[in-house]
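K.L.:
To start, I am sharing the structure in question, which I have written as structure tokens.
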Amino acid sequence: MAPEGARMELSEFTIAELQQAFERGEWTAAALIEHYLRRVSEIDSSGPTLRSLIEVNPDAPAIAEELDAERRQGRIRGPLHGVPIVVKDSIDTADTMMTTAGSLALEGNIAPRDAFMVEKMRDAGAVILGKANMSEWGYFRSARPCSGWSSRGGQTRNPYVLDRSPIGSSSGSAVAVAADLCMGAIGAEVDGSIVRPASANGIVGIKPTVGLLSRSGVIGVAAPQDTAGPMGRCVADVAVMLTGLAGYDERDPATRSVSARDVLDYRRFLDPAALRGARLGVARECFGWHEATDKVIEYAIDQLADLGAEIIDPVQASSLPAFSDLELELFRYGIKASLNSYLASHPYAAVRDLGELIRFNEDNASRVMPYFRQEFLQQAQTKAGLDSEEYLGIVAELRRRSRRDGIDKALHDHQLDAIVAPTEGSPPFVIDPLVGDNVLPGGCSTAPAVAGYPHISVPAGYVHGLPVGLSFFAGAFAEPQLIGYAYAFEQATRMRRPPRFSPTLTI
């Protein structure tokens, strides 16, 4: 329970507002954790049964008590002090919680140390409330996977319309934030798995520049594109979290390019006037797959112009289709290398490499593969190492198409500050684990994902109650301006609405 005299409702609180409530004595971290654990029990484990959390941290109440004691002594670690955060089940936490990527094959896998980003969250005073459910193995186990389904956690459901997909591999993280089961979450993506579930669940998600955040202690898919990123109900919250997550880690060579100038307090860029004079290109190749989504984004573009942006329409940001054969081949090489490396360094993992994982799945098929199989993992097992000529050629070609002949070219040729597009090509589709996801083309996650460039999605509107996200993306380390643009749009439009847990779509 909140302390006696508490007057403010938590729903839709920002992290900054929460800190003010802490300071006024209206909430304590311990009361907050109690509130969220009760809410998880009422609507995640039962009630609407969202299944967004795969595991709750039994140490969270005690950690919150310790942080309250620090606050009483005048020690505030930072803007995340006492804030409950959920992390994706592919991210290591060195506590009693397992890291399984949603797979029964990794039950019992207790990490020997925190992922670097979890260390940073704890140092900043965040309370790790639990692990979020996800698409098993980051969506890349089968040729026809189902977003948000894992053999360990079951099917995550979209809180806006329960029979609709939460979309993407960080679906549990997005749903937990959208349904107010935590203040924020950490997701991870290789192509779209932060921004797409953010769009589908009416929240904000940032996929940072690859290398701004460490990937050590994270089960990835393909290193050239892998990154974690913050997810929250508003742009200010993800800016706070990104500030706490960014930084150099000797365990991840990609972060060596992150200099002091790249590690910023991103709250500085929360400017409601940021769009004035900004040159924004419209990536028309991302439109045209669903008329209602297009209508929402067209209206959003008009609003950007009203807020002072100069709209250049159209521009060609990329010719790369989502999950093209070339990108999927990168993932086959990458997931084999990523899983073998991760499993070899985790002594409590029951399987030691990709081959053992495949055998475990076959031996436990009724539990692990009741709806779809593991064709993608089997294809990956046939691939050579990351030093092969074919793999290196794939990386170079994808980078050429997405950077030099894609985003970089569009930014240069049109003198753009950023590019805008619908995050997803259509509203969320119906969940169907037997047939798999009904993903329409369109949306814009692939170009910035392949390029390794930053991308933010912010709520733009709704189609029959289902959220639609607007994307901003640009070149490497452009997070400051993207946060500014997204914040200015968000503050002017106030599009986000809390979910109502409708059982099905009413037309």
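The values are calculated or read from the model by the stated rules, or taken from the named source; none is laboratory data. Just so you know, these numbers come straight off a predicted model, no measurement behind them. Here the Cβ is made from the backbone with ideal geometry for all residues, glycine too, and neighbour counts use every protein chain on show.
K.L.:
With the structure loaded, tell me whether S193 is surrounded by fewer than 24 Cβ atoms within 10 Å (Cβ to Cβ), polar (S, T, N, Q) and not in a strand (DSSP E or B) or whether it fails that test.
P.N.:
Numbers: surrounded by fewer than 24 Cβ atoms within 10 Å (Cβ to Cβ): no; polar (S, T, N, Q): yes; not in a strand (DSSP E or B): yes.
No; evaluated as a whole, the condition is false for this residue.
K.L.:
Filter the range 126-141 down to residues that are in contact with a helix residue (DSSP H, G or I) (Cβ under 6 Å, 6 or more places away or on another chain) and of a type outside the set (K, R) and give me whichever is farthest from Q19 (Cα to Cα).
P.N.:
Of everything passing the filter in the range 126-141, F140 is farthest from Q19 (Cα to Cα).
K.L.:
Going by what's in this entry, would M241 be described as in a helix (DSSP H, G or I), closer than 30 Å to A94 by Cα, touching a residue at least 60 places away in the same chain (Cβ under 8 Å) and within 17 Å of the chain's Cα centre (by Cα)? Show your work before the answer.
P.N.:
Working: in a helix (DSSP H, G or I): yes; closer than 30 Å to A94 by Cα: yes; touching a residue at least 60 places away in the same chain (Cβ under 8 Å): yes; within 17 Å of the chain's Cα centre (by Cα): yes.
It is true that M241 is in a helix (DSSP H, G or I), closer than 30 Å to A94 by Cα, touching a residue at least 60 places away in the same chain (Cβ under 8 Å) and within 17 Å of the chain's Cα centre (by Cα).
K.L.:
Only one of A239, A198 is of a type in the set (G, A, S), surrounded by 22 or more Cβ atoms within 10 Å (Cβ to Cβ) and more than 24 Å from A410 (Cβ to Cβ); which?
P.N.:
Working: A198 fails: more than 24 Å from A410 (Cβ to Cβ).
Going through A239, A198 in turn, the sole match is A239.
K.L.:
Step by step: first the residues of the range 121-158, then only those that are in contact with a Leu (Cβ under 6 Å, 6 or more places away or on another chain) and farther than 18 Å from A105 by Cα, then the one that is surrounded by the fewest Cβ atoms within 10 Å (Cβ to Cβ). Which residue is that?
P.N.:
So, considering only residues that are in contact with a Leu (Cβ under 6 Å, 6 or more places away or on another chain) and farther than 18 Å from A105 by Cα, the one surrounded by the fewest Cβ atoms within 10 Å (Cβ to Cβ) is A124.
K.L.:
For the range 359-394, which positions are under 26 Å from A476 (Cβ atoms) and touching a helix residue (DSSP H, G or I) at 6+ places or on another chain (Cβ under 7 Å)?
P.N.:
L386, Y391, I394 - these are the residues of the range 359-394 that are under 26 Å from A476 (Cβ atoms) and touching a helix residue (DSSP H, G or I) at 6+ places or on another chain (Cβ under 7 Å).
K.L.:
Could you say which residue among G385, G393, G355, G406 is over 28 Å from A111 (Cα atoms) and either part of a loop (DSSP other than H, G, I, E, B) or over 27 Å from the mean Cα position of the chain (by Cα) (or both)?
P.N.:
On the way: G385 fails: over 28 Å from A111 (Cα atoms); G355 fails: over 28 Å from A111 (Cα atoms); G406 fails: either part of a loop (DSSP other than H, G, I, E, B) or over 27 Å from the mean Cα position of the chain (by Cα) (or both).
Checking each option against the conditions leaves just G393.
K.L.:
What number of residues within the range 80-112 satisfy the criterion of being in contact (Cβ under 8 Å) with a residue 60 or more places away in the chain, over 24 Å from G232 (Cβ atoms) and part of a loop (DSSP other than H, G, I, E, B)? Give the derivation first.
P.N.:
So the first thing to find is which residues in the range 80-112 are in contact (Cβ under 8 Å) with a residue 60 or more places away in the chain, and the list is 80-92, 99, 101, 103-112.
Applying the additional criterion that residues be over 24 Å from G232 (Cβ atoms) yields 103-112.
This time we only want the ones that are part of a loop (DSSP other than H, G, I, E, B), so: 103, 107-112.
The qualifying residues number 7.
K.L.:
Still on this structure, I have one more. If the Cβ limit is 6 Å and pairs must be 6+ apart or interchain, which residue in the range 156-170 that is assigned to a loop (DSSP other than H, G, I, E, B) pairs with which residue that is basic (K, R)?
P.N.:
Between residues of the range 156-170 that are assigned to a loop (DSSP other than H, G, I, E, B) and residues that are basic (K, R), the close pairs are T156/R51; N158/R164; I167/R196; G168/R196; S170/K88.
K.L.:
Looking at (1) under 18 Å from G184 (Cβ atoms); (2) crowded, with 21+ Cβ neighbours inside 10 Å, which one does R51 not meet, given that it meets all the others?
P.N.:
The one condition R51 does not meet is (1).
K.L.:
Shifting gears a bit: Would you say P480 is touching a Lys or Arg at 6+ places or on another chain (Cβ under 9 Å) and under 25 Å from S318 (Cα atoms)? Even if it seems obvious, please write down each step before you answer.
P.N.:
Numbers: touching a Lys or Arg at 6+ places or on another chain (Cβ under 9 Å): yes; under 25 Å from S318 (Cα atoms): yes.
When the stated conditions are applied, P480 passes them.
K.L.:
Sticking with this one: Taking the stated definitions as given, is L411 among the hydrophobic types (A, V, I, L, M, F, W, C), assigned to a helix (DSSP H, G or I) and over 16 Å from G138 (Cα atoms)?
P.N.:
Numbers: among the hydrophobic types (A, V, I, L, M, F, W, C): yes; assigned to a helix (DSSP H, G or I): yes; over 16 Å from G138 (Cα atoms): yes.
Against the criterion (among the hydrophobic types (A, V, I, L, M, F, W, C), assigned to a helix (DSSP H, G or I) and over 16 Å from G138 (Cα atoms)), L411 qualifies.
K.L.:
Got a number for residues in the range 48-79 being in contact (Cβ under 8 Å) with a residue 12 or more places away in the chain and either at positive phi or basic (K, R) (or both)?
P.N.:
5
K.L.:
Any residue in the range 484-497 that is crowded, with 23+ Cβ neighbours inside 10 Å, within 25 Å of L50 (Cβ to Cβ) and of a type in the set (S, T, Y)? Steps first, please.
P.N.:
Of the range 484-497, the ones crowded, with 23+ Cβ neighbours inside 10 Å are 484-489.
Of the ones still in play, those that are also within 25 Å of L50 (Cβ to Cβ) are none.
No: the range 484-497 contains no residue that is crowded, with 23+ Cβ neighbours inside 10 Å, within 25 Å of L50 (Cβ to Cβ) and of a type in the set (S, T, Y).
K.L.:
Here's a follow-up. Name the pairs: first residue in the range 335-351 and without any contact (Cβ under 8 Å) to a residue 40 or more places away in the chain, second residue surrounded by fewer than 20 Cβ atoms within 10 Å (Cβ to Cβ), Cβ to Cβ under 6 Å, at least 6 apart or on different chains?
P.N.:
N340/D353; L343/R352; L343/D353
K.L.:
Hey, another quick one. What are the pairs, 6+ residues apart or on separate chains, where a residue within the range 175-194 that is within 21 Å of E136 (Cβ to Cβ) has its Cβ under 9 Å from a residue that is outside any loop (DSSP other than H, G, I, E, B) and modelled with pLDDT under 95?
P.N.:
From the range 175-194, the pairs are G192/G443.
K.L.:
Report the residue count in the range 323-340 for those that are modelled with pLDDT under 95 and under 17 Å from D226 (Cβ atoms).
P.N.:
So the count comes out to 1.
K.L.:
Please work out which residue is surrounded by the fewest Cβ atoms within 10 Å (Cβ to Cβ), limiting yourself to the range 313-348 and to residues that are hydroxyl-bearing (S, T, Y) and closer than 28 Å to A300 by Cα.
P.N.:
If we filter the range 313-348 for residues that are hydroxyl-bearing (S, T, Y), which is where we start, we get 318-319, 324, 333, 338, 341-342, 345, 348.
Subset that is closer than 28 Å to A300 by Cα: 318-319.
Working: S318: 23, S319: 12.
By that ranking, first place goes to S319.
K.L.:
Failed condition for I419, given (1) in a helix (DSSP H, G or I); (2) of a type in the set (A, V, I, L, M); (3) in contact (Cβ under 8 Å) with a residue 40 or more places away in the chain, with all others met?
P.N.:
(1)
K.L.:
Let me ask something else. So Y462 passes all but one of these: (1) within 21 Å of A236 (Cβ to Cβ); (2) touching a helix residue (DSSP H, G or I) at 6+ places or on another chain (Cβ under 9 Å); (3) surrounded by fewer than 20 Cβ atoms within 10 Å (Cβ to Cβ); (4) not polar (S, T, N, Q). Which condition number does it fail?
P.N.:
Answer for Y462: the failing condition is (1).
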